[in-house]
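Note sheet for the following structure.
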Amino acid sequence: MPVFRKTLAVITGFYWVLLLYIIAALVWWFISLEEQNKEMTGLRLQLESPSNPHYATLKAEALELQRRNHAQYIGEGTIFLLLIVVGAVFVYRATRRQWQLSQQQQNFMMAVTHELKTPISITKLNLETLSKHRLDSALQEKIIQKTLHETDRLNDLCNNILLASRLEGGKYHLHKEALLLNEIAMQSVHQFSGRLPDRKIMLEADQIVPLTGDPLLIKMLINNLLDNALKYAPKDKPVEVKVFSGKDGAQLWVSDLGPGIPTEEKQLIFEKFYRMGDEQTRSSKGTGLGLYLCSKIAKDHHGNLTVADNLPHGSVFKVVFKK
Ligand code: ADP
């Protein structure tokens, strides 16, 4: 078990024990107050002589006081108990969420460091190879293309991180203009096909799919979805991009024949820094920022990003921009 899970388990255990103690103390106070209440009634009655002509009235008053005290203990005790339980659940959930977020942030920092180092090392190695050895032009070209691919990855990563922090800080101002979604999708598909000549990327687009939006962000949205489809689906499987004008508005679908997303993860994957699977065993590269940004970009364009299962397997990410 990773250290943070162990610490979380210890803190959780301590928290629930403390809560149980508080509830048990409340119950104990209730029982002892009830006993005191009964004793007080008994003492009041003992002080009066049964021969007193008002004894019946005094006894009725003493019993009425006991009943009122009982109702007060029950009422106040229940409200206390409810407040404690609701407060405890609220604090528990908020703390747990905060804890998970800080863990995800740590994972994110590790992933970013790795993601930055890998392309830099590969690029350095490739440049050293080119400068030290006289290679034939085909091999030289291959190395140059590989290096360009790595710098593109580095560029995409930096753009994602910068945009996420600017969107978060409210520092990014959208520059919306009339654009054609089909054209931006075509540019992205060309760019990825150039980077990954071995992969099959299909584009099915209507002639004209108008949209009012920020071209930079829309490009980033398509690039992130396409990048994921290519990253998570097997290399020999095609990836498909569809762009069309639906009755609700412009639509963008990116589908793949990868492993798909389990139902219970379908909402979680849009959270910031969230990555499926175990941090220790995961082999795919990434930071957990891509889909969070995509969903934010879609919302900023009055759109909605969802994921559905593809057939026979894989996933379809759908963005519907409302008219
Ligand atoms: P990452 O940098 O990890 O790719 P994303 O926010 O883009 O971050 O995606 C979040 C998680 O959703 C990924 O870690 C991956 O587990 C899952 N995911 C995203 N796209 C796909 C896909 N096309 N097929 C399968 N899983 C996917």
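The values are calculated or read from the model by the stated rules, or taken from the named source; none is laboratory data. Remember, it's a predicted structure, so these values are computed and weren't measured experimentally. Neighbour counts run over all protein chains shown; Cβ positions are idealised from the backbone, glycine included. With ligands, DNA and RNA removed, areas are computed over all heavy atoms of the protein, side chains included. Shrake-Rupley method; radii C 1.70, N 1.55, O 1.52, S 1.80 Å.
Please check: in the Gaussian network model of the chain (C-alpha springs, under 10 Å), which one of THR41, THR147, THR95 has the largest mean-square fluctuation. Of THR41, THR147, THR95, the most mobile in the Gaussian network model is THR41. Each residue of region 250-261 is assigned a 3J(HN,Hα), and the resulting list reads 5, 10, 10, 10, 10, 10, 9, 10, x, x, x, 10 Hz, derived from the Karplus form 6.51 cos²θ - 1.76 cosθ + 1.60 (θ = phi - 60°), x at Gly and Pro. What residues from region 68-99 fall in the zone where the backbone N is under 14 Å from a label point 7 Å along the Cα-to-C-beta line of ILE22? Counting only backbone N, you get 79-95. Legend: Rg and Dmax of the chain, from Cα coordinates, 32.6, 124 Å.
Would you mind working out the accessible area per residue for the chain, using a 1.4 Å probe, and quoting it in Å²?
Per-residue accessible area for the chain comes out at 63 Å².
Could you identify which residue out of GLN140, GLN36, GLN105 has the top mean-square fluctuation in a GNM of the chain using Cα springs shorter than 10 Å? Judging by the Gaussian network model, the answer is GLN36.
Checked against a 31 Å cut-off, the cross-linked pairs LYS117/LYS142; LYS146/LYS247; LYS124/LYS266; LYS242/LYS296 give Cα-Cα distances beyond that limit for LYS146/LYS247; LYS124/LYS266. Counting Lys and Arg as +1 and Asp and Glu as -1 over every other residue whose Cβ lies under 14 Å from the Cβ of LEU230, the net charge comes to +1.
Taking one quarter of the surface of the convex hull spanned by the alpha-carbon atoms of region 247-323 gives a direction-averaged projected area of 5.6 nm².
Counting 0.36 nm for each residue step from GLU177 to ASP248 and taking away their Cα separation leaves a gain of 23.6 nm. Legend: helices of the chain (whole DSSP H runs) are marked when their alpha-carbon atoms reach 18 angstrom or more along the helix axis and their mean Kyte-Doolittle hydropathy is at least 0.5; marked are 3-47, 215-232. Per residue, the convex hull spanned by the Cα atoms of region 225-267 amounts to 90 cubic angstrom.
Springs between alpha-carbon atoms under 10 Å, Gaussian network over the chain: tell me which of ILE201, ILE122, ILE269 tops the mean-square fluctuations. The residue with the greatest mean-square fluctuation here is ILE122.
Computed on the chain, with alpha-carbon pairs under 8 angstrom and 6+ residues apart, the relative contact order is 13 percent. Annotation: amide H-H contacts under 5 Å for ALA250 (H modelled 1.01 Å from N, sequence separation of 5 or more, or interchain): PHE321. In a reduced charge model with +1 at each Lys and Arg Cβ and -1 at each Asp and Glu Cβ, the chain shows a dipole moment near 620 debye about its Cα centre. Of the solvent-accessible surface of region 180-257, computed with a 1.4 Å probe and all protein chains present, 54% belongs to carbon and sulfur. Measure off, as a whole percent, the carbon and sulfur share of the 1.4 Å-probe accessible area of region 259-323, all protein chains present. Percent of accessible area from carbon and sulfur atoms in region 259-323: 53. Can you give me the C-alpha center-to-center distance between region 94-159 and region 14-65, rounded to a whole angstrom? The two parts, judged by their Cα centres, are 74 Å apart. Computed about its Cα centre, the charge dipole of region 19-124 is approximately 740 debye, with only Lys, Arg, Asp and Glu carrying charge at their Cβ.
Each Lys and Arg adds +1 at its Cβ and each Asp and Glu adds -1 at its Cβ; summed about the Cα centre, region 192-260 shows a dipole of about 200 debye.
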